[in-house]
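Have a look at the structure below before the remarks.
Since every read-out is calculated from the coordinates, none of them should be taken as a lab result. Small disclaimer: the values here were computed from a predicted structure and weren't measured. Every residue, glycine among them, receives a Cβ derived from its backbone with ideal geometry; neighbour counts consider all protein chains shown.
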There are 2 protein chains.
Amino acid sequence: MPVSSELIEKLRSSDKKTLAKVLTKVENEEEGSEEILKEIFKFTGNAHRIGITGPPGAGKSTLTNNLIKLMTEKGFKVGVIAVDPTSPFTGGALLGDRIRMQDSGMLENVFIRSMATRGSLGGLCKNVVEACDVLDASGKDFILIETVGVGQSELDIAQTADTTIVVLVPESGDSVQAMKAGLMEIADIFVLNKSDREGADAVAATIKNIIHLKPPSKDGWVINVIKTTGSQNKGTDLLFDEIISHKNHLRESGFLKEKRKEHLKNKIVDLVSGKLEVNFWNEKRKEDLKKNLNDMLERKNDPYSYTETLLSR
Amino acid sequence: MPVSSELIEKLRSSDKKTLAKVLTKVENEEEGSEEILKEIFKFTGNAHRIGITGPPGAGKSTLTNNLIKLMTEKGFKVGVIAVDPTSPFTGGALLGDRIRMQDSGMLENVFIRSMATRGSLGGLCKNVVEACDVLDASGKDFILIETVGVGQSELDIAQTADTTIVVLVPESGDSVQAMKAGLMEIADIFVLNKSDREGADAVAATIKNIIHLKPPSKDGWVINVIKTTGSQNKGTDLLFDEIISHKNHLRESGFLKEKRKEHLKNKIVDLVSGKLEVNFWNEKRKEDLKKNLNDMLERKNDPYSYTETLLSR
């Protein structure tokens, strides 16, 4: 199915209705979505992609809101993808964050999209990257990707973001400890939000200590801890300056190219895996698997031998 | 490489050194691990697998400890897999939970293993299922799989556990709200831990309300909320009774077979995908991808067209 040049033009001029329609198509992997993604790829690569992640309750939505306001005040065009935790079964997204974001969503140069996470093969956030491509092609300067929750989605975000911000709060305490190892690896910037609360300085010191213990990053970037108080919109300017510093550093060091090459490589590996899977599981093989499951349940056969047979046929 | 019958015998008699060695092999996907898994598959399927999950700080480790004690007192053999949040890069596990679990680990009929989560293709917890198979073949009655954190790992656990326990605490508050949708789908039993704290009754009531709003489960199981106070070892007996109820229900309703059939199906799909991927990405194709990345970075080509070409060759 050829993609109409009118659609591409409307998308590139950031027409909100078109954007919404295309994002839905891409999110649901509707027919024709890959053709659109193929067509718009040449218009991507201009937006700076910022991942915002951290434990639940760290105030990521408020912080995202504050960044949106600041960025649009400075004349930038901003796209936002909010990845909601949700059921792999119903696929529905929660309303909370959408509502909280609405006052920013009213602004002219902002486009906000909530996406449901799905427990699908091939990665939790597969279509988030593609949604970013759509926003990117529509001419956004910044794309903010907010992920709620911890775990796989954070690692996926680090696989598409140019700058990854990890948001923590003083009272995270134990859970901060528990998540430190994983978060430390992906953070380009740490934000200590709700930093007016008790224990903020101690947590900030702990984070700084761990940063110092890390081997220096390949590209020479030094991770900072930025203190914010999201509810009072304090520290947003400092955070924005730090984002710009990181953005400039990536460009000047040539590391942006390396990072994006890595992201692209992963994207292709995912694309190939998806196609191989779809091609392999034709009706005949699906039927064969169904027939053989009982034998395996009764331990007359094992999944390894069965897979070997299936692949060798 | 043929697997020695001595190794299999030692494994089946639950020799701790052998168990540790085989689990390491399986966790790291060392050569020969698949042969072992193939060989032991016929001895699996006897253990009841229990997933224990929930937000960080909910007291899952303490609860797991309490369950281990109770189960071993009753004469059961218990295997434990603790999935630690950790870096996808270093692959190292945190020490905290291991240490907390050590007093149980000293007991004769318990085998505890901490595993690192890895950001690998094909699922975060791929080898956790295989580790469960190893423990299962060693003659355990119960296998407890404790996952720290929320997100993909929880969904993966629901894909291998016979019974999934979701642990919440009164003060989870907002984050409980945020995670409710996803957790609701996978829970067979809810535990409200730290239930001596303020707000416990309100949270218990909220959970019960949501349970009532759910459509009744296919197999007729009714989800209960069990109140515990892990630090005082209160409510562990109630939780154990509920696990046994669910275990019996699964067997009597025939739903255990359905559940395990589904798990087996997913396992084979994963196995196939892994093999297809490994077979596809030979040195020549890897080299080709490497050469073409720059063209795509410069937007002279797009990943979709490139993937098509690669697959059609």
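A few points about this structure:
- Inter-copy spacing of B:GLU277 label points, which lie 7 Å from Cα along Cα→Cβ, given in nm from shortest upward: 0.9
- Fewest neighbouring Cβ atoms within 10 Å first, the residues A:THR18, A:THR206 line up as A:THR206, A:THR18.
- Least to most buried among B:SER33, B:SER305 (fewest other Cβ within 10 Å first): B:SER305, B:SER33
- Based on the convex hull around the alpha carbon atoms, the stretch A:1-53 presents an average projected area of 4.4 nm².
- Coupling constants for the stretch B:71-81 follow from the phi torsions by the Karplus curve (6.51 cos²θ - 1.76 cosθ + 1.60, θ = phi - 60°), and in residue order they are 5, 5, 4, 7, x, 7, 9, 10, x, 10, 10 Hz; glycine and proline get x.
- Average other protein chain Cβ within 10 Å of Cβ, residues B:293-302: 5
- Other protein chain C-beta atoms within 10 Å of residue C-beta, averaged over B:240-248: 0.
- Label points for B:LEU297 are taken 7 Å from Cα along Cα→Cβ. From this copy to the others they lie 5.1 nm apart, shortest first.
- Distant-in-sequence amide contacts of B:ALA82, defined by a placed amide H-H separation under 5 Å and a gap of 5 or more residues or a different chain, comprise B:ARG113, B:SER114, B:MET115, B:GLU146.
- Average other protein chain Cβ within 10 Å of Cβ, residues B:264-277: 6
- The stretch B:28-84: C-alpha gyration tensor shape, a/c 1.5 cut-off, then a/b vs b/c: oblate
- The ranking of A:ILE36, A:ILE223, B:ILE50 from fewest to most other beta carbons within 10 Å of each one's beta carbon is A:ILE223, A:ILE36, B:ILE50.
- With only the Cα atoms considered, the stretch B:157-313 has a convex hull volume of 200 Å³ per residue.
- Taking the centroid of alpha carbons for each part, the stretch B:11-40 and the stretch B:204-233 are 37 Å apart.
- Dimensionless Rg ratio for the stretch B:220-262, taking C-alpha atoms and the 2.2 N^0.38 Å reference: 1.41
- Measuring between alpha carbons in the structure, the pairs from B:LYS42/B:LYS261; A:LYS17/B:LYS300; A:LYS42/A:LYS140; A:LYS69/A:LYS234; A:LYS257/B:LYS284 lying more than 18 angstrom apart are A:LYS17/B:LYS300; A:LYS257/B:LYS284.
- Label spacing, shortest first and in nm, from A:GLY220 to its equivalents in the remaining copies (7 angstrom along Cα→Cβ): 7.1
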